[in-house]
Amino acid sequence: MKILITGGAGFIGSHVVRLFVEKYSSYHMFNLDALTYAGNLENLKDIENNPNYTFIKGDITNETFINELFNKHKFDSIIHLAAESHVDRSIKDPLAFVKTNVIGTMILLNAFKNTWKDNFENKLVYHISTDEVYGSLGQTGLFTETTPYDPNSPYSASKASSDHFVRAYGETYGMPYVITNCSNNYGQNQFPEKLIPLFVNNIINNKPLPVYGDGNYTRDWLYVKDHAVAIDLVFHEGKNNETYNIGGFNEWKNIDLVKLLCQQMDEKLNREKGSSEKLIIYVKDRPGHDLRYAIDASKINKELGWKPSVTFEEGLNKTIDWYLNNKAWLHNVTSGAYQLYYQKQYSN
Ligand code: NAD
Ligand code: DAU
């Protein structure tokens, strides 16, 4: 079976690629990635020479290139992760998110449809999506698969739009699909624009920790390897044309999470207790900041038997250790363009 995975050089994608390449020697995994600022082949060094793995550098918004690629390889399935993924960047440049997340997805869907015409037997498009499409919760309640879409940021609007197109292709053309909507991931190889790796990097460098607003925003955190296991399960055992929510059963207010991170970092860096917390500063809030996300993952649990295997303490511990042991990786991704991004995002 030929599987096209898009965005496989990114954070979540690299974990999914590795899991599939190592577990399924009868599949050939084609990793298509444009290597934007968020894509990094260092993430896949250990598997780059595996016989069932091919990396292809390319952009999903390049229609001619994508059509030629599908004509050549006739992929049986797509696991689609390629996206612009950072909410703050979507506020500054929404159009970039429409191009990759909406138009890029459409180009892939068309190429897949044109390859298989009306015969989609044993074919599948798997769209990796986010819980942010559901908008914001108040202090109580959980997102289920039937929660109405209500996206608030340009990022979540673009992901909601691509989810809708995937479903529309299922209904209109009979294209088999699955969609999963997952909560906040954390773990090794995450680009240090997202909360946890950004703050780990800043603590290492004794830089301020910019908490948006009052810090009382809540997210549900899931260890990235648990997400990859869920994706494997849904790909193989999920029902066609269904949606599954994936979450960590692990809600944290940002400020509490940051304080826990500070405590763990003090211990690991042998710094005086409380010293990292002194780096916390409260900064201007993110516009349209969603108050709370929390997932009801009982459908995937009941139907496919999935649940997270790594506790937050354990996952955070492993994540911090990975960044401390991979300072060259951190250094490489935070030099150059990152400095400019950081200055623009945090200068106020
Ligand atoms: P990421 O930003 O780390 O990686 C995205 C990858 O896509 C990069 O390798 C990048 O080079 C590639 N890419 C971007 N534009 C491309 C284009 N036009 N053509 C080809 N490749 C392109 O993202 P991530 O955090 O790993 O997220 C992966 C997917 O999972 C995204 O679709 C995201 O919406 C979704 N998701 C992420 C989270 C999370 O917490 N990070 C949670 C739920 C869902
Ligand atoms: O919920 C799933 C989503 O989680 C994914 O779809 C997105 O791709 C992913 O980026 C993530 O979105 P968030 O906006 O929740 O993640 P981020 O790490 O940017 O922020 C987490 C919380 O921390 C959020 O409430 C904003 C806050 N924050 C973030 C940064 C970068 C800060 O307070 N300060 C910061 O500097």
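The values are calculated or read from the model by the stated rules, or taken from the named source; none is laboratory data. Here the structure is a predicted model, which is why all the values come from computation and not from measurement. Methodologically, a virtual Cβ is constructed for each residue, glycine included, from the backbone with ideal geometry; neighbour enumeration extends over all protein chains shown. Note: areas computed on protein heavy atoms with side chains; ligands, DNA, RNA excluded. Shrake-Rupley method; radii C 1.70, N 1.55, O 1.52, S 1.80 Å.
Observations on the structure shown:
- The helices (runs of 4 or more DSSP H) found wholly in segment 72-126 and carrying at least 3 residues that are over 19 Å from the mean Cα position of the chain (by Cα) occupy 105-116.
- Screening G238 with (1) surrounded by 18 or more Cβ atoms within 10 Å (Cβ to Cβ); (2) more than 15 Å from ligand 1 (Cβ to nearest atom); (3) farther than 26 Å from K123 by Cα gives one miss only, at (3).
Yes/no matrix, rows are residues, columns are (1) more than 15 Å from ligand 1 (Cβ to nearest atom); (2) open to solvent by 10 Å² or more (accessible area, probe 1.4 Å):
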position	(1), (2)
R167	yes, yes
T172	yes, yes
Q188	no, yes
L198	no, no
V224	no, no
A228	no, no
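- Within segment 1-24, the residues that satisfy the criterion of being open to solvent by 10 Å² or more (accessible area, probe 1.4 Å), within 15 Å of K225 (Cα to Cα) and away from ligand 2 (no atom under 16 Å from the Cβ) are R18, L19, E22, K23.
Table: residues versus (1) within 14 Å of ligand 2 (Cβ to nearest atom); (2) touching a strand residue (DSSP E or B) at 6+ places or on another chain (Cβ under 8 Å).
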{"position": "L69", "(1), (2)": "no, yes"}
{"position": "K72", "(1), (2)": "no, no"}
{"position": "F75", "(1), (2)": "no, yes"}
{"position": "T100", "(1), (2)": "yes, no"}
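- When S153 is tested against (1) open to solvent by less than 10 Å² (accessible area, probe 1.4 Å); (2) more than 9 Å from ligand 1 (Cβ to nearest atom); (3) among the polar types (S, T, N, Q), just one condition goes unmet, and that condition is (1).
- Matching residues, segment 67-89, being among the polar types (S, T, N, Q) and more than 15 Å from ligand 1 (Cβ to nearest atom): N71, S77
- Answer from N114, N184 - the residue that is open to solvent by 10 Å² or more (accessible area, probe 1.4 Å), in contact (Cβ under 8 Å) with a residue 12 or more places away in the chain and within 11 Å of ligand 2 (Cβ to nearest atom): N184
- Every condition in (1) open to solvent by 10 Å² or more (accessible area, probe 1.4 Å); (2) in contact with a Phe, Trp or Tyr (Cβ under 8 Å, 6 or more places away or on another chain) is met by F97 except one, and the failing one is (1).
- Total residues in segment 211-237, condition outside any helix (DSSP H, G or I) and closer than 27 Å to N43 by Cα: 5
- Test: F55 is surrounded by fewer than 24 Cβ atoms within 10 Å (Cβ to Cβ), in a strand (DSSP E or B) and not polar (S, T, N, Q): yes
- Matching helices (runs of 4 or more DSSP H) fully within segment 246-348 where at least 1 residues are open to solvent by less than 70 Å² (accessible area, probe 1.4 Å) and over 29 Å from N40 (Cβ atoms): 254-268, 298-304
- Picking from residues in segment 1-52 that are of a type in the set (D, E) and touching a strand residue (DSSP E or B) at 6+ places or on another chain (Cβ under 9 Å), the one that is nearest to ligand 1 (Cβ to nearest atom) is D33.
- Some residue of segment 194-217 being within 10 Å of ligand 2 (Cβ to nearest atom) and under 25 Å from I300 (Cα atoms): no
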